[in-house]
Amino acid sequence: METQSALYRKIQSTYHFTDFEMQRMKYTISVFHCEFSKLLILGIAFYIFGYFPEYIVLMLTLIPIRRYSGGIHFNHYSSCFLFTAFFFIMPVVLNSIVLPYVGQLVILALSAGVTYLAGPVTSTKRPPMKYKKYREAQLVSTAIVVIWFFIFAFVRVFPYENLCFWVITLQTIQLICAKIARKGDIYEKAE
């Protein structure tokens, strides 16, 4: 830990980073470390149990939305890992439940609205966002869900369609939970 602190001090003095920039860099490094290890472990588990294609679809569906909308965040790696594992398993479990086409479209339309109104919800460990970045993330995450709505509306049948539906639906539900749990602004006020 002492070596790590010395390295951060060296980087800050060499490149003249502000404390805020260093805070962002430390956060980014910790996120990469935690996310990579979780996704690697889950990928191996899904592969062993014969669900690796589903895992890839889960990732390709979830990551673009989650990147911009955020969601539930935990303070400890173990609780974060367990929730992530549960979150990745649930769409596979629910995949056998196929809602009527119109029902899926209604839920996806509601998901787009909820994503706009509730997102983004970032981690309390993350440095506050500038309002402009907040709005950008809000609009991009909503646009991604709207694109999925149109894919469902016009393509109708495609591989892993139901799995994608459940990923988006569960992401929307956990975004609502995160918004309720996270009170207050998550971006810096304009001065």
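The values are calculated or read from the model by the stated rules, or taken from the named source; none is laboratory data. The structure displayed is predicted, hence computed values, not measured ones. Note that each Cβ is placed from the backbone with ideal geometry, even for glycine, and that neighbours are counted across all protein chains shown. These area figures cover heavy atoms from the full protein model, side chains too; ligands, DNA and RNA do not enter into them. Shrake-Rupley method; radii C 1.70, N 1.55, O 1.52, S 1.80 Å.
Specify the residue that is farthest from Phe46 (Cα to Cα); the eligible residues are those in the range 76-90 that are touching a residue at least 12 places away in the same chain (Cβ under 8 Å) and over 15 Å from the mean Cα position of the chain (by Cα).
Initially, the range 76-90 is screened for residues touching a residue at least 12 places away in the same chain (Cβ under 8 Å), giving 77, 80-81, 84-85, 87-88, 90.
Narrowing the set further to residues that are over 15 Å from the mean Cα position of the chain (by Cα) leaves 77, 90.
Details: Tyr77: 20, Met90: 13 Å.
The selected residue is Tyr77.
Applying the selection to the range 1-22, what residues are open to solvent by 90 Å² or more (accessible area, probe 1.4 Å) and either in a helix (DSSP H, G or I) or of a type in the set (Ser, Thr, Tyr) (or both)? Give the steps one after another, and end with the answer.
First, the residues of the range 1-22 that are open to solvent by 90 Å² or more (accessible area, probe 1.4 Å): 1-3, 7, 9-10, 15-16, 19.
Glu2, Thr3, Leu7, Arg9, Lys10, Tyr15, Asp19, listed by residue number.
Only residues that are over 19 Å from Cys164 (Cβ atoms) and under 16 Å from the mean Cα position of the chain (by Cα): list them for the range 49-75, please. Talk me through it step by step, then tell me what you get.
So in the range 49-75, the residues over 19 Å from Cys164 (Cβ atoms) come out as 49-50, 70, 72-75.
Selection gives Gly70, Ile72, His73, Phe74, Asn75.
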Exercise for review: List every residue pair whose Cβ atoms lie under 7 Å apart, where the two residues are 6 or more positions apart in sequence or sit on different chains, the first residue falls within the range 30-46 and is closer than 22 Å to Arg126 by Cβ, and the second residue, located anywhere, is open to solvent by 40 Å² or more (accessible area, probe 1.4 Å).
Suggested key: Cys34/Tyr77; Lys38/Phe81
Practice item. Please list, ordered by first then second residue, the pairs with beta carbon atoms under 8 Å, 6 or more apart or interchain, first in the range 151-174 and among the charged types (D, E, K, R), second in a helix (DSSP H, G or I) and surrounded by fewer than 16 Cβ atoms within 10 Å (Cβ to Cβ). Key: Arg156/Tyr101
Study note, to complete from the structure: Filtering the range 127-168 down to residues that are in contact with a helix residue (DSSP H, G or I) (Cβ under 6 Å, 6 or more places away or on another chain) and of a type in the set (S, T, N, Q) yields Ser141, Thr142
Exercise for review: Please indicate, with yes or no, whether at least one residue in the range 93-112 is in contact with a Lys or Arg (Cβ under 9 Å, 6 or more places away or on another chain) and over 20 Å from Phe154 (Cα atoms).
Suggested key: no
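What number of residues within the range 23-39 are out of contact with any Pro (no Cβ under 7 Å at 6 or more places or on another chain) and open to solvent by less than 90 Å² (accessible area, probe 1.4 Å)?
First, pick out the residues of the range 23-39 that are out of contact with any Pro (no Cβ under 7 Å at 6 or more places or on another chain): 25-26, 28-39.
This time we only want the ones that are open to solvent by less than 90 Å² (accessible area, probe 1.4 Å), so: 25, 28-31, 34-35, 37-39.
Summing the residues that are out of contact with any Pro (no Cβ under 7 Å at 6 or more places or on another chain) and open to solvent by less than 90 Å² (accessible area, probe 1.4 Å) in the range 23-39 gives 10.
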Point to revise | Which listed residue, of Ile97, Ile168, is β-branched (Val, Ile, Thr), outside any helix (DSSP H, G or I) and in contact with a Phe, Trp or Tyr (Cβ under 9 Å, 6 or more places away or on another chain) | key: Ile97
Review point. Here is a list of conditions, (1) open to solvent by 30 Å² or more (accessible area, probe 1.4 Å); (2) in a helix (DSSP H, G or I); (3) at pLDDT below 95, and Leu110 meets all of them except one; can you say which number that is?
Key: (3)
